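Below: the structure, in structure tokens.
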Amino acid sequence: MILDRQLTLEDFIGVVRGGEQVTLSAAARERIGRARAVIERIVDGPDAVYGVNTGFGKFATVRIAREDLRQLQHNLIVSHAVGVGEPLPTEVVRGMLLLRAQSLALGHSGVRPEVVDLLLALLNAGACPVVPAQGSVGASGDLAPLAHLALGLIGLGEIAYQGEVRPAADVLAELGLTPLALEAKEGLALINGTQLMGSLLALALHDARTLLGTANLAAAMTVEALSGSHRPFSEGVVRLRPHPGALEVAADLREFLRNSAIAPAHANCGRVQDAYSLRAVPQVHGATLDALTQAGRVLEVEFASVTDNPLIFPDRAHPAGGEVISGGNFHGQPLALTADALKVAVAELASISERRIEQLLNPALSGLPGFLTPEGGLSSGLMIAQYTAAALVSENKVLAHPASVDSIPTSANQEDHVSMGAHGARQLRQIVEHARTVLGIELLCAAQALDFQPLAAGRGVRAAHERIRREVAPLGGDRYYRPDLLRLRELVTGGDLLRAAREA
């Protein structure tokens with residue numbers, strides 16, 4: 001991939017998870033050079049410019065001598081690298097490397113091209129600086145996490161490479177890379193940004209899209225297992241309240257249920273209407289889809305944004321050539337609000353799934369053997385699987401509390417409103433994991449319930465059921481079935497079941 005102005009979510013995933021190599025375009029290199037020329041003129045001039053020849057935060061009024069400018073940038077990185085907690089997953093750090101390079105490549109940060117080249121060299125080599133997960137308040141960007149990222153560039157800290165965590169200087173030497181000696185403005189440009197929030201949010205959004213499709217499939221399987229009505233999913237019904245997400249989910253359900261022999265056989269069964277967790281799937285899942293769509297719009301803007309401070313405008317008229325402006329582009333609020341919205345949206349997929357699990361397991365609701373075991377009493381069947389789902393759904397309620405409503409002033413009240421976007425994005429990642437497990441439990445239960453169904457299910461449901469049965473045997477008497485649940489979660493995560501159903 002050639003890094004220039006545009007970066008899509010598909011590009012991001014291709015690099016971060018697919019290992020696609022990245023090179024800097026000639027146009028981006030030229031933009032970077034023009035912005036750097038403005039910084040060089042400032043260094044040689046009399047003006048005090050924040051972050052170039054002054055201190056940082058509350059020390060913005062302290063002028064720094066020219067001979068100390070390199071030390072200033074070095075000090076910034078080592079003093080800000082005070083994150084704590086477990087190291088971030090490799091894919092998150094790879095996303096940070098890519099997004100930091102992308103922002104700098106837009107040509108308004110004032111770094112040398114060598115800075116972006118080294119970010120991309122580490123990314124392409126699969127070498128990831130070790131970045132602790134905690135420490136960002138999401139205001140002047142993700143300062144502490146990005147400082148740990150920058151440590152690797154200057155040969156300090158540790159880098160994970162080829163399955164080992166080693167001193168950064170050793171890994172750079174093995175790769176034939178020279179640690180950076182940071183010049184004016186470069187340390188600040190590396191840590192003022194939203195790249196931790198952005199990486200976490202992008203990965204979660206990609207995964208949530210797959211999760212949503214699988215949730216639609218799980219719902220369709222449960223509807224068939226319970227001989228539920230298909231009529232609430234008809235286009236005529238949903239079009240009377242035409243939210244785009246609801247329309248798309250209903251269409252998805254109709255495809256999964258196509259050619260079903262179950263619904264026609266129960267046309268006059270006497271049941272007036274199904275529970276909300278079956279009947280209102282287009283409206284509930286559809287609202288989540290609309291939230292995912294909005295999140296995609298936010299990320300599209302973020303991927304094309306400069307989140308540094310101060311910003312360099314090489315083409316603006318100024319006696320020294322170019323202009324430097326301090327702003328607030330580093331503030332994480334757009335991503336923080338988006339992460340919080342997605343937390344709620346994804347948590348709802350798990351919440352309604354757990355209710356469908358109850359519909360499947362409760363004999364008073366399903367008309368099926370209690371807890372889907374043919375040996376009730378001697379065997380407990382899938383009873384405790386619902387407990388696990390309930391526990392995760394309950395934990396999601398805590399995680400879904402909005403992080404962005406909190407703010408703690410920092411830097412002696414210079415940075416007096418913060419977004420807490422990194423908190424929300426990390427919580428979102430956990431909610432996605434929980435939702436995968438809950439949907440895996442529903443799929444386990446729905447497959448077991450379909451084994452009791454004598455009629456042929458819809459085409460997509462049938463394909464998914466067959467795919468599950470290639471991996472997980474039906475439950476007769478009780479057995480240790482946690483490995484089955486974990487395997488189903490893998491099928492949810494990788495989208496295998498969804499692909500099988502769609503291909504049918």
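When the residues of segment 326-349 are filtered to those that are touching a residue at least 24 places away in the same chain (Cβ under 8 Å) and outside any helix (DSSP H, G or I), which remaining residue is nearest to His401 (Cα to Cα)? Quick ask: steps written out before the conclusion?
Of segment 326-349, the ones touching a residue at least 24 places away in the same chain (Cβ under 8 Å) are 326, 329-349.
When the remaining residues are screened for being outside any helix (DSSP H, G or I), the result is 326, 329-332.
Details: Ser326: 33, Asn329: 25, Phe330: 24, His331: 20, Gly332: 17 Å.
It comes out as Gly332.
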Can you confirm whether Asp496 is touching a strand residue (DSSP E or B) at 6+ places or on another chain (Cβ under 7 Å) and open to solvent by 30 Å² or more (accessible area, probe 1.4 Å)? no
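Here is a yes/no grid of residues against (1) closer than 25 Å to Leu488 by Cβ; (2) over 19 Å from the mean Cα position of the chain (by Cα); (3) not in a helix (DSSP H, G or I):
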{"site": "Lys397", "(1), (2), (3)": "yes, no, no"}
{"site": "His401", "(1), (2), (3)": "no, no, yes"}
{"site": "Ile408", "(1), (2), (3)": "no, yes, yes"}
{"site": "Ile431", "(1), (2), (3)": "yes, no, no"}
If you go through segment 358-404 one residue at a time, how many are aliphatic (A, V, I, L, M), in contact with a helix residue (DSSP H, G or I) (Cβ under 8 Å, 6 or more places away or on another chain) and under 30 Å from Leu337 (Cβ atoms)? 7
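Condition check ((1) open to solvent by 40 Å² or more (accessible area, probe 1.4 Å); (2) touching a Ser or Thr at 6+ places or on another chain (Cβ under 6 Å); (3) without any contact (Cβ under 8 Å) to a residue 12 or more places away in the chain) across all residues:
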| site | (1), (2), (3) |
| --- | --- |
| Ser351 | no, no, no |
| Glu354 | no, no, no |
| Thr373 | no, yes, no |
| Gly377 | yes, no, yes |
| Ser380 | yes, no, no |
It is to be established whether one or more residues within segment 300-311 are open to solvent by 20 Å² or more (accessible area, probe 1.4 Å), more than 30 Å from Met221 (Cα to Cα), assigned to a strand (DSSP E or B) and in contact (Cβ under 8 Å) with a residue 24 or more places away in the chain. yes
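Within the bounds of segment 469-485, is there any residue that is open to solvent by less than 10 Å² (accessible area, probe 1.4 Å) and either touching a Phe, Trp or Tyr at 6+ places or on another chain (Cβ under 6 Å) or in a loop (DSSP other than H, G, I, E, B) (or both)? Walk me through how you get there before you give the answer.
Let us first name the residues in segment 469-485 that are open to solvent by less than 10 Å² (accessible area, probe 1.4 Å), namely 472.
Applying the additional criterion that residues be either touching a Phe, Trp or Tyr at 6+ places or on another chain (Cβ under 6 Å) or in a loop (DSSP other than H, G, I, E, B) (or both) yields 472.
So far as segment 469-485 goes, yes, one or more of its residues are open to solvent by less than 10 Å² (accessible area, probe 1.4 Å) and either touching a Phe, Trp or Tyr at 6+ places or on another chain (Cβ under 6 Å) or in a loop (DSSP other than H, G, I, E, B) (or both).
What do you reckon, is Gln294 buried (at least 21 other Cβ atoms within 10 Å of the Cβ) and under 28 Å from His243 (Cα atoms)? Spell out how you get there, then give the answer.
Working: buried (at least 21 other Cβ atoms within 10 Å of the Cβ): no; under 28 Å from His243 (Cα atoms): yes.
Judged against the criteria, Gln294 is not a match.
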Being within 21 Å of Leu368 (Cα to Cα), small (Gly, Ala, Ser) and out of contact with any Cys (no Cβ under 6 Å at 6 or more places or on another chain), is that true of even one residue in segment 477-492? yes
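The values are calculated or read from the model by the stated rules, or taken from the named source; none is laboratory data. Note that the structure is predicted; figures quoted are calculated from it, not measured. Positions of Cβ are generated from backbone atoms using ideal geometry, with glycine treated the same way; all protein chains shown enter the neighbour counts. What goes into the accessible areas is simple: the full protein's heavy atoms, side chains included, and nothing from ligands, DNA or RNA. Shrake-Rupley method; radii C 1.70, N 1.55, O 1.52, S 1.80 Å.
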